[in-house]
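Enquirer: Encoded as structure tokens, here's the structure I'll be asking about.
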Amino acid sequence: MEREFTKIVTGLKGAEGPVFDRDGNFFMVAPGEGRIVRVSDDGAVSTVAETGGVPAGLQVDRENALWCADMRLGILRVTVDGAISRVVSEYEGKPIRGCNDCIFDSQGNLYFTAPAGSSAEAPVGEVFCRKSNGEVVRLDEGYQFCNGIAVSVDDRWLFVAETRTKIVWRFKILSPGVVRDKTAWAQLPGDHPGGPDGMDFDANGHLLVTNHGAGSIDVFDAEGELLDRVRTPFLKPSNVHFGGDDRRWIYATEHDENALWKFRWEVPGQPQYCD
């Protein structure tokens, strides 16, 4: 389907991690610059924090703090004044492989991917949950490159994008940090290098998945059936996030111009905390 895309800003090296806070402010990361930035719709960019690492994914908690998946440092919490706390850096006494993306469920449990060093020859990517009580649990391992991650609005299902295989995996969430019934839920189309990266749900329960390298955002229904392919004016979409006053704007990052774009959607995005 053809959409009208508006370019907001370019040149944010490795542009990823788009997210709105609970006051309507927009943030994203520039991994190649080590920065978390705030961006306005007129393209003004200001630095919120320099992590000293490689920030790759962002989310916002109920207290309106940013949580960052950093490929070098782990999981960070960043307050509105830019103060950084290192929340998760190891598991079972060993450093966690670089963290790439993260998502909160409605109760404040943080699910995140850690794919650093993984490949087809070395499928060592892992998926974790940092429970709201601070406990860190490894949910799964053996990924060629686990990337984007999403949770359904009812906290019943966890979705993990594996870029190299072009598969979106689905798990049933039994309780925070406990999953089962791993299923190859959706297969993205194309024979290009790349595949699923960032993901976000709309209010109809459709999952929008960036197809990095294919120049599309692929839309799946609740059963993993491909409904639509939104063609993008760039080849390498990286992440998507709903926002704006009515939550019907989709903000998309990409790796061709390292840019941020936006376009309209028919329905709002899925609320994160249902309040």
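Enquirer: Can you tell me which residue within the range 85-126, out of those that are open to solvent by 30 Å² or more (accessible area, probe 1.4 Å) and of a type in the set (A, V, I, L, M), is nearest to F26 (Cα to Cα)?
Expert: V87
Enquirer: Looking at (1) open to solvent by 10 Å² or more (accessible area, probe 1.4 Å); (2) of a type in the set (G, A, S); (3) touching a strand residue (DSSP E or B) at 6+ places or on another chain (Cβ under 7 Å); (4) at pLDDT 95 or above, which is the one condition that is false for G82?
Expert: So the condition that G82 fails would be (4).
Enquirer: Next question, about the same structure. Is it fair to say V19 is among the β-branched types (V, I, T), crowded, with 20+ Cβ neighbours inside 10 Å, at negative phi and touching a His at 6+ places or on another chain (Cβ under 7 Å)?
Expert: So V19 fits the description; yes.
Enquirer: Checking G244 against (1) modelled with pLDDT of 95 or more; (2) open to solvent by less than 50 Å² (accessible area, probe 1.4 Å), which test does it fail?
Expert: Evaluating G244 over (1) modelled with pLDDT of 95 or more; (2) open to solvent by less than 50 Å² (accessible area, probe 1.4 Å) leaves (1) as the failure.
Enquirer: Which condition number does G148 fail, the rest of (1) open to solvent by 30 Å² or more (accessible area, probe 1.4 Å); (2) closer than 25 Å to T6 by Cβ; (3) touching a residue at least 40 places away in the same chain (Cβ under 8 Å); (4) touching an Asp or Glu at 6+ places or on another chain (Cβ under 8 Å) being met?
Expert: Exception for G148: condition (1).
Enquirer: Among the residues of the range 175-191, are any open to solvent by 10 Å² or more (accessible area, probe 1.4 Å), out of contact with any strand residue (DSSP E or B) (no Cβ under 6 Å at 6 or more places or on another chain), hydroxyl-bearing (S, T, Y) and at pLDDT 95 or above?
Expert: yes
The values are calculated or read from the model by the stated rules, or taken from the named source; none is laboratory data. Quantities reported herein were computed from a predicted structural model and do not represent experimental measurements. Heads up, the Cβs are rebuilt from the backbone with ideal geometry, glycines too, and the neighbour counts pull from every protein chain shown. Protein only, heavy atoms only, side chains kept; ligands, DNA and RNA dropped before computing areas. Shrake-Rupley method; radii C 1.70, N 1.55, O 1.52, S 1.80 Å.
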